[in-house]
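The values are calculated or read from the model by the stated rules, or taken from the named source; none is laboratory data. Small disclaimer: the values here were computed from a predicted structure and weren't measured. Because the Cβ atoms are built from the backbone with ideal geometry, glycine has one as well, and the counts that use them run over all protein chains shown.
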Amino acid sequence: MPESRMKLVVTGDDFGYCARRNQGLVECFLSGGITTVSLLVNGSAAAQAAELANRHSIPIGLHANLTEGAPVCPALLRSSLVDHRGHFHGKMASDTAWNFMDLQVDMELRAQVRRFSELTGHLPQHMDGHQHVHVLPGVRLVFAQVLSHFRIPFTRVPVEPGLHSCPWVPAPLKTFYSQVERDALDSIPGAVPRPGGGRPGERPLSAELMVHPGYPSLPREGGCGDGPDDFSQSLDRQHELGVLTDPALGHLYQRLGVRLCSFSDLTQSST
């Protein structure tokens with residue numbers, strides 16, 4: 001096996017969304033397909049997810065949610081952060097929708113960190129954003145301040161090289177993801193090393209692979225307060241589960257010198 005050139009954290013998102021997603025994520029972890037999970041604390045099966053993570057010793061972080069379902073902070077159920085139903089405005093809300101909401105975003109993010117701690121018994125090792133909300137211009141500064149306050153050491157930089165060469169991605173989604181990537185890079189100028197940019201003899205680069213494996217949600221089961229969305233009910237969730245647990249993927253990692261790890265492994269290797 002070649003020397004490891006890349007340490008790769010494989011994170012399963014949306015833990016807690018529904019029981020079927022939880023089941024698939026646990027199976028994926030036990031099969032070696034993922035190395036950590038991100039918990040939606042306002043998900044309908046969040047408590048079950050936290051118990052499963054504890055039972056199977058699954059590294060777990062917070063999937064901060066400001067776009068789907070209802071807020072965790074009761075004081076925000078009637079605020080500009082939500083619509084007339086008391087639900088977040090969704091991922092397609094315009095950037096200007098976040099203007100002048102710093103205090104509300106701060107209140108909700110802190111409430112979600114506290115809920116995470118109540119469910120798991122500890123602070124998250126990492127914290128990212130559901131639907132990449134954490135890199136939006138109106139959110140990212142507050143998000144960074146919350147990370148600093150709770151001393152959460154890792155977050156996600158959603159940069160996807162080669163996205164435009166994927167013919168199966170619909171044009172509207174390509175536009176959305178391209179804007180997400182620009183927002184991500186704007187939030188940390190000069191801080192992201194290019195993949196493969198290390199020199200011989202330097203320590204291995206590290207990266208995160210974001211995935212969404214599981215079993216499709218059933219209609220009217222799961223979600224974050226307003227039922228499951230089309231993404232969660234798609235057969236793509238089970239397809240991802242199959243790809244990630246296929247031994248061929250593990251063989252590919254070995255050939256490329258990629259070693260799977262968790263965020264805590266990165267912390268230990270840097271000390």
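Inspect all residues belonging to the range 130-145 and state whether any of them is within 14 Å of the chain's Cα centre (by Cα), modelled with pLDDT of 90 or more, within 23 Å of PHE88 (Cβ to Cβ) and in a loop (DSSP other than H, G, I, E, B). No, that holds for no residue.
Scanning the range 1-29 for residues that are over 18 Å from SER264 (Cα atoms) and either hydrophobic (A, V, I, L, M, F, W, C) or in a strand (DSSP E or B) (or both) yields MET1, ASP14, PHE15, CYS18, ALA19, LEU25, VAL26, CYS28.
Taken over the range 226-268, residues that are assigned to a helix (DSSP H, G or I), over 13 Å from GLY33 (Cβ atoms) and of a type outside the set (D, E, K, R) amount to 11.
Among the residues of the range 77-91, those identified as touching a Leu at 6+ places or on another chain (Cβ under 9 Å) and among the hydrophobic types (A, V, I, L, M, F, W, C) are LEU81, VAL82, PHE88.
In the range 71-92, of all residues being part of a loop (DSSP other than H, G, I, E, B), crowded, with 16+ Cβ neighbours inside 10 Å and among the aliphatic types (A, V, I, L, M), the one that is modelled with the lowest pLDDT corresponds to LEU81. Against the definition (surrounded by fewer than 24 Cβ atoms within 10 Å (Cβ to Cβ), of a type outside the set (Gly, Ala, Ser) and in contact with a helix residue (DSSP H, G or I) (Cβ under 8 Å, 6 or more places away or on another chain)), how does VAL26 come out, yes or no? Here the answer is yes, as VAL26 does meet what is asked. When only residues in the range 206-227 that are farther than 30 Å from LEU256 by Cα and small (Gly, Ala, Ser) count, which is surrounded by the most Cβ atoms within 10 Å (Cβ to Cβ)? Per the criteria, the residue is SER217.
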